[in-house]
Amino acid sequence: MKLARDTWLIFQRQLKLLLRNPVWVFVGVFQPVMYLLLFAPLLKPALNAPTQAEAYKIFVPGLLVLLAIFGGLFQGFGLIAELRAGVIERSRVTPISRFALLLGRSLRDVVSLMVQAVIITLLALLFDLRVFIGDLLLAYLMLALIALMTSAVSYGVALKVKSEDALAPLMNTVAQPVLLLSGILLPLAFAPGWLQGVAKWNPFSWAVDGTRALFNGDIGNDRVWQGLSIITVLAAAGVYWAARQFARSVR
Amino acid sequence: MIQTRGLRKSFRSRAGREVKTVDAVRGVDLDVPAGEIFGFLGPNGAGKTTTLRMLATLIEPDGGQATIAGADLLKNPGEVRRRIGYVAQGGSTWDESTGREELVLQARMYGIGKAEAQRRAIRALEAFQLTEFADRKCKTYSGGQRRRVEIALGIIHEPKIVFLDEPTTGLDPQSRAHMWDEIRRLRTDGMTVFITTHYLDEADALCDRIAIMDHGEVVAEGTPTELKREISGDVVQVGLDVSATGEAEKLLDGEEYVNRLELLDEGGLRLFVDEGATAIPRILRRVDAAGLDLKSIELHRPSLDDVFLTKTGRSLRES
């Protein structure tokens, strides 16, 4: 009960501050829209897809997962600014739940990702993408869990390294192989056997497969429940770990 | 109100491959009664902030124990948090947020309901003369206004004790005097105030009692008057050119009425003597006989810096 109240308190505060600076909506959506407009048209011939809509079914879920991963991983920067301003320390001398300090922030990130995801989906509809609403909602759940995990991990790492200079290269180093090994931009079906073997160890590759299956209306595909389960477990672990960083001494 | 025994903390720092252990606080015993302004005086790096952060539950002590406002620091940090307020040295407000928003949030983080939090914010804004700026973003505040918001944040939940880490550092003289009044007002309201400072005049003028800290240890404790009385005698300060200072030191170091002698950076000497009135003529004669050019001579009672010097062998101004 206290956790829910405290989480809501932090969530409201973070959301209010985010809305005060609406540039983020533009920035957050600009890049994916560019991909949608400038990169996706290459896909129909490249993927040998029968129609543009087919190509979008493969590309849009990948793009959304990409957004969730990157959007989450770079949230730590904002936390370092708060750390420097003393806001975190000020919170830590109060009896507020340490889980709430993390969850309130991560849930704000999840909500902001969802807004972006909806905008991208609506735009893709203009390009003849069609997806069942139930499948779409399940896909959004997957995205929400991914964003929850990556933003929590990013906050946890930010509390550990405490400096933008260390966080930026670290996050890029993590994100790069994760991105390439998840078949986000092109499906790994095109990959040679060894690459597919390595990608099996990347949880995000399961998430991407699952999300693609959902966009394809293939809700019974094993990858859907497998992806969701893997990401749920990882999100729970990430949140737990990051909340512990909030409880431990930080400067 | 605060009692500590043997409070310790060391940090491991890494310089290249070498891991060094720094004993930041080495066994601090304190007894702070309710209702006083207690000051921690010491140079930067003496362990004041580390001690304060331990008492405010922000870092865990390596050893020792403490009872704060009746709650055990190690066994029940949650209860300690409810009973204390803490205002950090480096600030604690967010640029994009308004003073009122910060105050309401802070009250709510202490579990206070929304309506009551808003009432308290209004009261705090009035008490600290911030009403005018209440709905402006913190980044537009002056240094003094911002510090006042931060103190208001620290006491929004009406704690029994408030810890203020270097509350006047970085403020102009006027804001500083204003801040002293605010701090005295907290005591009048029945709060125990625990401040750290490296300003001698602040410790002297503001604090009921002080503990002088150096290298992680409390080297002296008492009221400012008591501490100064411990150093018997007077201090005579002789102003000389830097070039003449060395010679004057040789002349006066051996004199039987000079208990101790200290060189001043800007040229000149500080002499600790039993009685200034009899020492001054003798000093003058010696200096005059040697043909040294005397710029000034002053007699004063020992200051807290003299106390610090006696206890640590260094001047607080230098460290």
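Quick note: the coordinates plus some simple rules give every number you see, no bench work behind them. As the structure is a prediction and not an experimental result, all values here were calculated from the model. In this analysis, Cβ positions are derived from the backbone assuming ideal geometry, glycine residues included, and neighbour counts consider all displayed protein chains.
Calculated on C-alpha atoms, the gyration radius of chain A divided by its Kirkwood radius gives an Rg/Rh of 0.99. Helix-only arithmetic for the protein assembly as shown: the sum of -39500 (n - 2.57) across DSSP H runs with n ≥ 4, divided by the residue total, places the mean residue ellipticity at 222 nm at -17500 deg cm²/dmol. Comparing B:Arg14, B:Arg209, B:Arg286 in a Gaussian network model of chain B where C-alpha atoms under 10 Å apart are linked, the largest mean-square fluctuation is found at B:Arg14. Viscosity 0.890 mPa s, temperature 25 °C: Stokes-Einstein D of region A:104-237 from its Kirkwood Cα radius, in µm² per second? For these conditions, the coefficient is 154 µm²/s.
Among B:Thr310, B:Leu200, B:Ala15, whose Cα lies farthest out toward the positive end of the dipole of the protein assembly as shown, if unit charges sit on the beta carbon of Lys, Arg (+1) and Asp, Glu (-1)? Highest projection toward the positive end goes to B:Ala15. Neighbour counts of C-beta atoms inside 10 Å place A:Ile133, B:Ile283 in the sequence A:Ile133, B:Ile283, starting with the fewest. Among A:Gln75, A:Gln196, A:Gln176, the largest mean-square fluctuation in a Gaussian network model of chain A (Cα springs under 10 Å) belongs to A:Gln176.
Across region B:93-147, Cα-Cα pairs farther apart than 19 Å form 21% of the total. Cα centroid separation, region A:18-48 to region A:112-143: 13 Å. For region A:167-251, chymotrypsin sites (Phe, Trp or Tyr not before Pro) are listed when DSSP marks them as loop and at most 16 other Cβ atoms sit within 10 Å of their Cβ; the list is A:Trp201.
Taking the DSSP beta bridges with both ends in chain B, the antiparallel portion is around 70 percent.
Three principal axis extents of region B:161-228 based on alpha-carbon atoms, in descending order, are 30, 27, 21 Å. Overall, chain B carries a charge dipole of about 1600 debye about its Cα centre when +1 sits on the Cβ of Lys and Arg and -1 on the Cβ of Asp and Glu, all other atoms neutral.
Remark: the protein assembly as shown projects, on average over all directions, an area of 33.5 nm² (convex hull of Cα atoms). Taking amide H positions as modeled 1.01 Å from N, with prolines and chain starts lacking one, the residues under 5 Å from B:Gly268 and 5 or more places away or on another chain are B:Leu240, B:Thr245.
Entry note: chain B has Rg to Rh equal to 1.07, where both radii use alpha-carbon atoms and Rh is the Kirkwood radius. What you get for region A:14-89, charging only the Cβ of Lys and Arg (+1) and of Asp and Glu (-1), is a dipole of about 140 debye around the Cα centre. Sparse packing (at most 16 other Cβ atoms within 10 Å of the Cβ) combined with a DSSP loop state is found for the following chymotrypsin sites (Phe, Trp or Tyr not before Pro) in region B:186-267: B:Tyr257. Computed over region B:232-301, the P(r) tail beyond 13 angstrom holds 58 percent of alpha carbon pairs.
Here A:Lys44 is the anchor, and the aspartates and glutamates within straight C-alpha reach of less than 17 Å, apart from those fewer than 8 places off in the same chain, are A:Glu54, A:Asp128. Taking the DSSP beta bridges in the protein assembly as shown as the whole, what percent of them are antiparallel, to the nearest 5? If I count the DSSP bridges inside the protein assembly as shown, around 70 percent turn out antiparallel. Against chain A, whose longest principal axis comes from its Cα atoms, helix A:23-34 is set at around 20 degrees.
With a length cut of 27 Å (Cα positions projected on each helix's long axis) and a Kyte-Doolittle mean of at least -1.0, go through chain B and give me the DSSP H helices that pass. Result, helices passing both filters: zero.
The H on the amide N of B:Met213, modeled in the peptide plane, is under 5 Å from the matching H of B:Leu41, B:Gly42, B:Val219, each at least 5 residues off or on a different chain. Across the cross-link table entries B:Lys228/B:Lys311; B:Lys114/B:Lys139; B:Lys48/B:Lys311; A:Lys2/B:Lys114; A:Lys2/A:Lys162; B:Lys9/B:Lys48, which are compared at the Cα atoms, the separations over 20 Å belong to B:Lys114/B:Lys139; A:Lys2/A:Lys162.
Once the Cα atoms are used to define both axes, helix A:203-215 deviates from the longest principal axis of chain A by about 60 degrees.
Which shape class applies to region A:1-105: rounded if a/c is under 1.5, otherwise prolate when a/b exceeds b/c and oblate if not, where a ≥ b ≥ c are the square roots of the Cα gyration tensor eigenvalues? Verdict is prolate for region A:1-105.
Ordering A:Val27, B:Val80, B:Val287 by the number of other Cβ atoms within 10 Å of each residue's own Cβ, fewest first, gives A:Val27, B:Val287, B:Val80.
Just so you know, the Rg over Rh for region B:101-185 is 0.95, from Cα atoms, with Rh as the Kirkwood radius.
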